[in-house]
1. Counting only residues that are in a loop (DSSP other than H, G, I, E, B) and of a type in the set (S, T, N, Q), which one in the stretch 274-300 is farthest from ILE245 (Cα to Cα)?
2. For GLU106, indicate whether it is out of contact with any helix residue (DSSP H, G or I) (no Cβ under 9 Å at 6 or more places or on another chain), exposed (fewer than 14 other Cβ atoms within 10 Å of the Cβ) and farther than 30 Å from ILE41 by Cβ.
3. Does any residue in the stretch 170-196 that is among the acidic types (Asp, Glu) come within less than 7 Å, Cβ to Cβ, of a residue that is open to solvent by 40 Å² or more (accessible area, probe 1.4 Å) and in a helix (DSSP H, G or I) six or more places away or on a different chain, and which pairs are these?
4. So in the stretch 24-80, with the set limited to residues that are among the polar types (S, T, N, Q) and either surrounded by 20 or more Cβ atoms within 10 Å (Cβ to Cβ) or touching a strand residue (DSSP E or B) at 6+ places or on another chain (Cβ under 7 Å) (or both), which one is farthest from PHE97 (Cα to Cα)?
5. Within the stretch 117-131, how many residues are farther than 13 Å from GLY143 by Cβ and either open to solvent by less than 20 Å² (accessible area, probe 1.4 Å) or not in a helix (DSSP H, G or I) (or both)?
6. Filter the stretch 300-342 for residues that are under 20 Å from GLU360 (Cβ atoms) and among the acidic types (Asp, Glu) and give the result.
7. Any residue in the stretch 246-264 that's more than 12 Å from VAL285 (Cβ to Cβ): show its pairings with residues that are in a loop (DSSP other than H, G, I, E, B) and of a type in the set (A, V, I, L, M) at Cβ separation under 6 Å, as long as the two are six or more apart or on different chains.
8. Suppose we filter VAL315, VAL322, VAL303, VAL262 for residues that are closer than 23 Å to ASN344 by Cβ and either among the small types (Gly, Ala, Ser) or surrounded by fewer than 19 Cβ atoms within 10 Å (Cβ to Cβ) (or both); which single one remains?
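The values are calculated or read from the model by the stated rules, or taken from the named source; none is laboratory data. Every value quoted in this text rests on a predicted model; they were computed, and no experiment measured them. Ideal geometry is used to build each Cβ from the backbone, glycine not excepted, and the neighbour counts take in all protein chains shown. These accessible areas exclude ligands, DNA and RNA; they are computed on the full protein's heavy atoms, side chains included. Shrake-Rupley method; radii C 1.70, N 1.55, O 1.52, S 1.80 Å.
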Amino acid sequence: KIYKLVTEKYPGTEGYVDSTVKIAQYTDDLTEKERLYRLVIDEFPDNPLVRISMLGLADLQKQRAEYDNSISTIKEILARDPKGLNADALDLLQNVFDIYLKKLLEKNDYAKLLTIYEAEKTLIDPFESSSLFFSVGDAYLRGHLYEKAFELLMKSYKLFAKGQRPPELISALGIAMQESGRADDALSMFSNYIRLFPNGRDIVEVYHRQGNIYQLKNDDDKALKTLSIAYNMSTKEEKKANVLIDEAAIYRKQSNPIQVTVVLNKAIEHLNKSQKPDAKNLAFVYKQLGENYHAMKAYGKAVDALSRSIELSGVTPTNVDVRFMLAESYEKGKELDKAEKLYNDVIASGDAFWAKLAEERLQGLKLETKLQKT
């Protein structure tokens, strides 16, 4: 009441400006708060309290999730007095960036986050904030820019006190290490995650990736053991299927086609149980299953699997190899008319490699047919 009285009795005075700022700070009406701050900023630009008004306005804009406006307001404060004591303005700026970037990650808008970071990195980097570096590193990771992700996530990792690093940071850093070619470091980071967070949100992904690394290192026993843990811990049908697909690759390398068949059929079961079966993934598994049956000379089963793969993916330039193998399976299974039709389809696709191969097979097929008739 006293501040309002001052503004009524002494307009234009120092007391008027001071009281206006105080009323703005106390009022819960956000619209009125903004009006008062802007009044001081616009009508008393040389008053020392303009800086407090601008800070108040920037904080209000943050509360309203007007993050770009808030950042612009704080940058104007810093520009007005670059050599001044701007600790409070910088603290608010760091807080705004922290909230803003996290909100963008929640929406998975990593592209916008990285655009902001690249534009404002001269302001963001000096904060040396573990939280900010984590958000930016996570965005790079989601954008598949693994070297930059590793760089930023490692900065975040070093800034967090030991024992206070969030599980998501450890798993993200491990993934960035793996994807940027630092396999041994990734194994170590994943082992840390398993030790510290045995029931963590990313535990299945961590075991799965560990298995993939062991697989690349040709340590099949460890790979299969780790992938088995990932499979058993997962509650998601599609994840179980993806783990099994990687297991099948190991058995294929070991020339164990029977086990490949078992595992891939199990993967198909899981994919069909998922809420929204991924047709592309199913087509891929059926293709692998068909290739495996073909290698086992089980041509009837190969035809069924390869036909299903084409049915799921459609006839496209990307599956001309599947159509060729289907034609070959028909030929091997003595269904020559179907084989001839498919070879002609492959030739019509215009693919330089597969069309030429199909022409050669078709010539041989016609000769075989002629000999049979003779």
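1. GLN275
2. When the stated conditions are applied, GLU106 passes them.
3. Listed by first residue and then by second, the contacts come to GLU179/TYR146.
4. SER53
5. 3
6. ASP321, GLU328, GLU331, GLU335, ASP337, GLU340
7. What qualifies is PRO257/MET296.
8. The unique qualifying residue is VAL315.
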